[in-house]
Amino acid sequence: QVQLVESGGGLVQAGGSLRLSCAASKSAFANNPMGWYRQAPGKERELVATISRDGSVSYADSVKGRFTISRDSAKNTLYLQMNSLKPEDTSVYYCNDLAIAAMGYYWGQGTQVTVSS
């Protein structure tokens, strides 16, 4: 059964940092390609960063150079280190297996990130 629990969000001033964590059930993680997504009020969910089975990463242009995705397979945990945060990064952040996200049948509760100016 798929289970994803995001944590680490909060309120931070512009320029600050946060580290998000995503604890995944083994069935959800299992070295599958994973990603971090975000959704701001009134906007569609967008893909922010991905990490493949071999550790290759990719980022949306809006976060490139500021965010770092990583994974600890031994702990079934995905991370997102967010530096130099901007008010436009304010969103609910979600993690997901890329295939599960594409099918849209499961999402965790997300974690709120609010960046004040």
Q) So what is the 222 nm mean residue ellipticity for the chain from helices alone, if each DSSP H run of at least 4 adds -39500 (n - 2.57) and you divide by all residues, rounding to the nearest 500 deg cm²/dmol? A) -1500 deg cm²/dmol
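Looking at the range 20-106, which GluC sites (Glu not before Pro) are in a loop (DSSP not H, G, I, E or B) and have at most 11 other Cβ atoms within 10 Å?
Answer by residue number: 44.
What whole-number value in Å² describes the accessible area per residue of the chain for a 1.4 Å probe?
Each residue of the chain exposes 51 Å² on average to a 1.4 Å probe.
Between residue 64 and residue 40, how high is the FRET efficiency from 1/(1 + (r/R0)^6) when r is the Cβ-Cβ distance and R₀ = 25 Å? Nearest 0.05.
The pair residue 64/residue 40 has a calculated efficiency of 0.85.
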Q | Computed over the chain: relative contact order in percent, which uses C-alpha pairs under 8 Å that are six or more apart | A | 36 percent
Q) Any idea what the relative contact order of the range 17-59 is, in percent, if you count C-alpha pairs under 8 Å spaced at least 6 apart? A) 29 percent
Q: Calculate, in nm to one decimal, what residue 74 and residue 3 gain on full extension: separation in residues at 0.36 nm each, minus their alpha carbon distance.
A: 23.9 nm
**Q.** Candidate lysines - alpha carbon under 28 Å from residue 75, same-chain residues fewer than 8 apart omitted
**A.** 26, 64
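The values are calculated or read from the model by the stated rules, or taken from the named source; none is laboratory data. Small disclaimer: the values here were computed from a predicted structure and weren't measured. FYI the Cβ positions are ideal-geometry reconstructions off the backbone, even for glycines, and counts take in every protein chain you see. All accessible areas refer to the heavy atoms of the entire protein, side chains included, with ligands and DNA or RNA removed. Shrake-Rupley method; radii C 1.70, N 1.55, O 1.52, S 1.80 Å.
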